[in-house]
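Q: Below is the structure I would like to discuss, written out as structure tokens.
Computed from the coordinates by the stated procedures, all read-outs in this text should not be read as laboratory data. As the structure is a prediction and not an experimental result, all values here were calculated from the model. Note that each Cβ is placed from the backbone with ideal geometry, even for glycine, and that neighbours are counted across all protein chains shown.
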Amino acid sequence: MTQFLPKRVFEKFQAVYENVPESLKPPKESSPFALSLEEFLEISGSQRDLGMGEILFQQDDAADCLYWIESGVLGILQGDLDTPRLLGFRYPGQVVGEIALLEDIPRTATVAAILPARLKYLSKEKFQAFLQLIPGVGIEIMRLLSARLREIQPAEYGNGLYDPLTGALSRQVFDSRLQEEIKRAQLYRYSFLLAFLDLDNFKQINDTHGHARGDDVLVTFTQRIQSELRTTDLFFRYGGDEFILILPGMDHRRGQALIEHLLNESRSVPISGDPPIHVSFSAGIACYPEDGDTSRNLLKVADDRLYQAKRGGRGTFSQG
């Protein structure tokens, strides 16, 4: 049965899309993995068209397909469809639906057409066949295919949702988002990761180069982290130079691989300016439910492990 977003919800998100600067709309993905997927779809994929406002799948649905966007624009939403949160948009050449398939969990978001869309898709079985064709493919590869647009920040979404400097989610909404993730993890019996990040020697940057340069570092650091995340990962500025990641569906092993990747990315390229500044961070990782089943316990474990990492020499992480 065809389902559509409520009219007022669709019109609101369509207006948000119309105000997205062209500079934030990514070019078509051209990595070897994206090209391989496109070629595989030409041979083994099926096709589906969506009208404006039409829902492709809903949050908490069972995962059965991966979709590749041939044309049009899709919106990624979370929460009740009468009052959903907009996480971002997906464009031609990008994919949706891969997270739930890879991690064997229900859909983590609702996807609907903002502009009329033409999609190619693979069933779960054909998607698994595609994975077997490329050695080492997994969540890290699919993250490259799912380049993430920074969250759109319309004023009507309410003050306090985003940190005004960096564009990360704010401390004010962290508690409620963490409680929501705990409830979903309890309901569907999956794990998630909470990572506490702290920039190394940030006070020295402020003292040496000034607070304006320090702000540049915070903004660029946030942009780099967000560009490496999946659409449903949540990145918060907790305060000052402290940040928190919530990573649905991840366990310690996958979390370690991601944090190591983020550390390498942050250290490898200096933040441009006069002078260029190399940035690293320390991190503490806690996994639900292994390290705690309440927000207080998870935060305490992650915070304790963050300080273990700092005492161990900074520029590293601890997961117990």
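Q: Measure nothing fancy, just the Cα-based angle from helix 124-133's long axis to the longest principal axis of the chain, in degrees from 0 to 90, nearest 10.
A: Around 60 degrees separate the two axes.
Q: Also: Show me, for the stretch 281-298, the HN-Hα J-couplings you get by feeding each phi into the Karplus relation (A = 6.51, B = -1.76, C = 1.60, θ = phi - 60°), rounded to Hz, glycine and proline as x.
A: Rounded to whole hertz, the list is 9, 10, 9, x, 10, 10, 10, 8, x, 4, 9, x, 10, 10, 4, 5, 5, 5.
Q: Rounding to the nearest 10 and keeping the result within 0 to 90°, find how far the Cα-based axis of helix 32-44 lies from the longest principal axis of the chain.
A: The answer is roughly 20 degrees.
Q: Give the calculated FRET efficiency between Thr83 and Asp215 to the nearest 0.05, with a Förster radius of 35 Å applied to their Cβ-Cβ distance.
A: 0.60
Q: Report ³J(HN,Hα) in whole Hz for each residue of the stretch 82-95, in order, from the Karplus equation J = 6.51 cos²θ - 1.76 cosθ + 1.60 where θ = phi - 60°; Gly and Pro get x.
A: 6, 9, x, 9, 8, 8, x, 10, 10, 10, x, x, 9, 10
Q: A further question on this structure: By how many degrees, between 0 and 90 and to the nearest 10, does the Cα long axis of helix 211-227 differ from the longest principal axis of the chain?
A: Roughly 40 degrees between the two axes.
Q: Something else now. Which ³J(HN,Hα) values in Hz, rounded to whole numbers, follow from the phi angles of the stretch 255-269 under the Karplus curve 6.51 cos²θ - 1.76 cosθ + 1.60, where θ = phi - 60° and Gly and Pro get x?
A: x, 4, 4, 5, 4, 4, 5, 4, 4, 5, 5, 5, 8, 6, 10
Q: If Lys and Arg each add +1 and Asp and Glu each add -1, what is the summed charge of the other residues whose beta carbon sits under 12 Å from the beta carbon of Val301?
A: That sum, taken over residues with Cβ under 12 Å, equals -2.
Q: In terms of the Cα gyration tensor, with a ≥ b ≥ c the square roots of its eigenvalues, is the stretch 60-108 rounded because a/c is under 1.5, prolate because a/b exceeds b/c, or oblate?
A: Oblate is the answer for the stretch 60-108, as a/c is 1.5 or above yet b/c matches or exceeds a/b.
Q: 5 Å is the cut-off here: which amide hydrogens, built 1.01 Å from N in the peptide plane, fall below it relative to Phe281, excluding neighbours closer than 5 in sequence?
A: Distant-sequence amide H within range of Phe281: Asp200, Gly315.
Q: Follow-up question, since we're still on this one. Please report Val9, Val95 as a ranked list, fewest other C-beta atoms within 10 angstrom at the top and most at the bottom.
A: Val9, Val95
Q: Same structure, new question: Distances over 39 Å make up what percent of all Cα-Cα pairs in the chain?
A: The answer is 11 percent, as a whole percent.
Q: Based on DSSP H runs of at least 4 residues, each adding -39500 (n - 2.57), what is the mean residue ellipticity at 222 nm of the chain after dividing by all its residues, to the nearest 500 deg cm²/dmol?
A: That calculation yields -12500 deg cm²/dmol at 222 nm.
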